[in-house]
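K.L.:
Starting off with a structure, shown below.
The values are calculated or read from the model by the stated rules, or taken from the named source; none is laboratory data. It should be emphasised that the depicted structure is a prediction, and the values quoted were computed from it without experimental measurement. Cβ placement follows ideal geometry from the backbone for every residue including glycine, while neighbour counts extend to all protein chains displayed. Protein only, heavy atoms only, side chains kept; ligands, DNA and RNA dropped before computing areas. Shrake-Rupley method; radii C 1.70, N 1.55, O 1.52, S 1.80 Å.
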Amino acid sequence: MQVRFLLATTAATAAVSLLPLTAQAATIRFGTNGIQFSQDTTIQFTYVGSNHFYESSLAVYEVTGGSPTLASGGLLFQENKAPNTSGTLSLICGSPEAPSPCTVNFTFRANTLYTLGLSNFNPNSAQPFQPGLSPIVYSTTSFNTAAYLDPNAGTLNATPGPYQQAVFGSSGSTGPGYNPGLFTSGIAALDAGNSVPISFEDGGWNGSFGPGGTIIFAPGGRNDRDFNDFRITAQVIPAPPLLMGLLALGARVFFRQRKSVRT
């Protein structure tokens with residue numbers, strides 16, 4: 001009777017260990033309002049591709065005091081040439097040269113707010129259109145405000161925002177009628193254990209001119225709005241399941257009990 005009770009308890013415990021992620025570690029935010037988990041959670045990010053003329057890098061930023069700051073070990077992917085130029089794109093995956101596919105793990109601390117930030121550098125920029133670095137665009141909409149560069153004064157001036165610069169649950173689209181507002185959260189797919197596509201609108205110069213002939217750099221959603229400029233996927237790496245270990249423990253106890261009964 002004791003053995004049966006032990007095995008039943010073991011099976012129940014094992015079943016609990018296989019419950020969906022939502023029953024173990026709720027995802028508080030995973031979308032355009034931020035990234036946050038109720039307990040330490042490791043996410044595996046996979047580079048899918050890019051479709052723009054920048055050299056870009058994607059990193060995790062921790063939100064402290066209401067502002068994003070590069071997280072320790074937060075660099076995920078870094079291109080060292082523009083993907084739309086001739087030659088082979090060399091991608092740095094975290095710190096080593098990229099394996100194929102290029103995947104990087106990052107552990108988000110419990111109850112800490114994060115965001116993803118895409119930095120975009122135009123190596124062919126020249127005066128008076130410096131700097132070649134376009135303003136960072138974030139996966140969290142509230143951090144994206146449009147800005148423009150006055151080539152004469154060399155200053156950045158804020159214009160109204162914020163604007164959505166990333167989609168969760170979509171790889172973007174080049175077709176007409178695409179609505180990024182439909183893709184603001186990947187919580188359901190992430191908690192179900194599925195891979196969540198995330199894609200950015202890079203927010204570079206859109207060819208428009210501001211007051212006095214200024215060059216407009218947009219995070220501002222004023223560019224082509226296809227949201228396919230830099231594409232990745234994200235998936236939770238679950239803790240090792242306890243089922244096999246618990247069943248092995250139950251079996252050992254069972255045979256030990258049988259042996260003691262026989263002797």
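K.L.:
Could you state how much accessible area residue 225 has, in square angstrom rounded to the nearest 10, with a 1.4 Å probe and all protein chains kept in place?
P.N.:
Residue 225 exposes around 80 Å² with every protein chain in place.
K.L.:
What's the local net charge at residue 69, with K and R +1, D and E -1, over the other residues with C-beta under 15 Å away?
P.N.:
0
K.L.:
In addition: In square angstrom, rounded to the nearest 10, how much accessible surface does residue 195 have for a 1.4 Å probe?
P.N.:
Residue 195 exposes around 60 Å² with every protein chain in place.
K.L.:
Let me ask something else. Under the 0.36 nm per residue contour assumption, what length would be gained going from the current alpha-carbon distance of residue 29 and residue 173 to full extension?
P.N.:
49.4 nm
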